[in-house]
Amino acid sequence: MRISFLHQLFSSFKNQDLYGRYINLDQLVPHLEKLNESFDVNVEGFSVLKKPIYSVRIGSGPIKVLLWSQMHGNESTTTKALFDVFNVLRESPDKSIKKLLESFSILAIPMLNPDGADSYTRHNANKVDLNRDALDLSQPESKVLRSVFDEFQPDYCFNLHGQRSIFSAGKKSNPAILSFLAPAQDKNYSITSNRKISMDLIGRIHDALKIVIPDQMGIYDDTFNASCVGDTFQALGIPTLLCEAGHFPEDYQRETTRELMFKVLLLGLDIIRSSSDLGAHHKFYFEIPLNEKLFRDIIIRNVLINDIVQDIVIQYEELPKNDLIEFSPKIESIEHEVKLFGHREMDANFKAIEATSELSVGNEIVYVVINNEKFSLLA
């Protein structure tokens with residue numbers, strides 16, 4: 001699929017009712033009910049707080065793909081992208097989309113952790129990270145996902161997440177707008193046939209999108225953790241992809257990244273459908289730079305504080321309020337010559353600045369005055 005065609009699809013079929021960072025189950029239910037007119041929508045189980053965990057089953061083809069989103073409740077970008085894809089699969093008359101429906105049987109869990117989504121937290125209501133519960137299966141949400149996996153017996157798995165704005169693609173000043181991982185399946189990091197397929201698929205997605213976001217995609221290191229879901233499913237012989245929606249410049253609502261993740265999902269399906277040699281070109285995966293934690297939201301450089309020149313590092317704290325997420329600019333550190341990149345950088349030119357509160361680690365500063373000019377620090 002051409003990137004221009006995917007952009008047209010997104011523009012035509014984007015779910016306009018889902019917006020921003022705070023997406024909870026109540027917002028999804030009306031759209032799930034509408035989907036049930038065309039697809040098979042089911043309740044697969046319940047969360048700790050007895051909220052339903054829904055699945056959407058689409059298509060009648062022989063290739064089975066399992067996708068799940070919002071395993072971490074505060075990672076909503078891929079959920080929005082899934083509903084955009086649902087709209088395309090349900091409404092687009094294009095022949096290429098019809099071929100996807102004929103080629104695939106898709107099972108998607110758009111919100112695995114509805115309790116975490118409601119409270120905008122990574123963990124579930126028992127304060128457990130579901131992505132560290134693949135072995136113990138101590139939580140009802142984990143049991144639902146494993147039960148669906150065992151019953152569906154997928155040929156491919158897409159583990160959909162969102163990542164913080166701190167990541168760079170490699171050691172350069174390029175934010176990691178999208179990140180991927182072909183999880184390891186053992187302590188030896190074995191490059192098995194199924195892992196080669198994951199790597200090759202990621203490499204081809206990367207190759208297609210690099211014309212849009214060049215040098216702005218990364219991969220995570222493949223340290224093996226048997227408690228992680230992706231590692232577990234990979235160890236069971238199923239090609240598994242971790243896909244992370246990151247930060248596009250000035251896009252704190254993750255709407256631009258949402259479109260990019262929409263493209264990742266449809267590209268992934270189209271590549272699987274049309275490729276007869278997946279796994280043969282897995283080495284291109286290793287050309288994608290490793291993620292580094294080299295970005296912060298704001299850096300104010302060369303600030304004179306008590307006769308010492310310092311850099312002020314500010315990171316947003318995400319706070320749910322009235323079904324929205326507010327971004328509170330908090331001082332993370334005050335250091336000399338910070339070796340980090342800022343999504344937004346300012347220069348005090350070796351002079352003192354004014355701020356809404358004392359320049360101290362942990363304090364919120366909403367605006368600053370630099371050289372008699374006032375700057376808001378809000379996202």
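Values in this text are rule-based calculations from the coordinates and carry no lab data. This one's a predicted model, so the numbers in the text were calculated from it and none came from an experiment. So basically every Cβ, Gly included, is an ideal-geometry build from the backbone, and we count neighbours across all protein chains shown.
Tabulated results
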{"item": "His31, His7, His247 arranged by Cβ crowding within 10 Å, fewest neighbours leading", "result": "His7, His31, His247"}
{"item": "Cα-projected label distance for Leu378 with Ser227, points at 7 Å along beta-carbon direction, nm", "result": "4.0 nm"}
{"item": "HN-Hα J in Hz across segment 233-239 - Karplus 6.51, -1.76, 1.60, θ = phi - 60°, x for Gly and Pro", "result": "5, 4, 5, 8, x, 9, x"}
{"item": "Net charge, Asp17 excluded, C-beta distance under 14 Å - Lys, Arg +1, Asp, Glu -1", "result": "-1"}
{"item": "Proximal aspartates and glutamates relative to Lys321, as straight alpha-carbon distance under 15 Å, when same-chain residues fewer than 8 apart are discounted", "result": "Asp118"}
{"item": "Estimated 222 nm signal from helices in the chain, with DSSP H stretches of n ≥ 4 weighted -39500 (n - 2.57), rounded to 500", "result": "-9000 deg cm²/dmol"}
{"item": "Sorted by Cβ density within 10 Å, fewest first, the residues Ser55, Ser105, Ser190", "result": "Ser190, Ser105, Ser55"}
{"item": "Sorted by Cβ neighbour density within 10 Å, fewest at the top, the residues His336, His161", "result": "His336, His161"}
{"item": "Charge sum, other residues only, whose C-beta stays under 12 Å from Asp115's C-beta, Lys/Arg counted +1 and Asp/Glu -1", "result": "+2"}
{"item": "The chain, relative contact order in percent, only Cα pairs under 8 angstrom and at least six apart counted", "result": "16 percent"}
{"item": "For Ile305, residues with placed amide H under 5 Å, excluding near neighbours", "result": "Gln310"}
{"item": "Kirkwood hydrodynamic radius (C-alpha pairs) into Stokes-Einstein, segment 128-176, 10 °C and 1.306 mPa s, D in µm²/s", "result": "118 µm²/s"}
{"item": "By average C-beta atoms within 10 angstrom, highest first, the peptides 147-157, 125-135", "result": "125-135, 147-157"}
{"item": "Sites Ser193 and Ser38 - FRET efficiency at Förster radius 30 Å, r taken between beta-carbons, to 0.05", "result": "0.25"}
{"item": "Long-range HN-HN contacts of Val48 with modeled amide H, under 5 Å", "result": "Ala125, Glu141"}
{"item": "DSSP bridge orientation in segment 295-376 - percent antiparallel, rounded to nearest 5", "result": "75 percent"}
{"item": "Sparse-neighbour loop sites [trypsin sites (Lys or Arg not before Pro); segment 239-310; at most 14 other C-beta within 10 Å; DSSP]", "result": "Lys293"}
{"item": "DSSP-assigned coil residues among GluC sites (Glu not before Pro) in segment 267-365, each with at most 11 further Cβ atoms within 10 Å", "result": "Glu337, Glu358"}
{"item": "Low-density loop cleavage sites - GluC sites (Glu not before Pro) in segment 1-102, where at most 14 other Cβ are within 10 Å (DSSP)", "result": "Glu37"}
{"item": "Built amide H within the under 5 Å cut-off of Leu241, gap 5+", "result": "Cys157, Phe158, Asn159"}
{"item": "Surrounding net charge for Ser47, when Lys and Arg each add one and Asp and Glu each subtract one, Cβ distance under 12 Å", "result": "-1"}
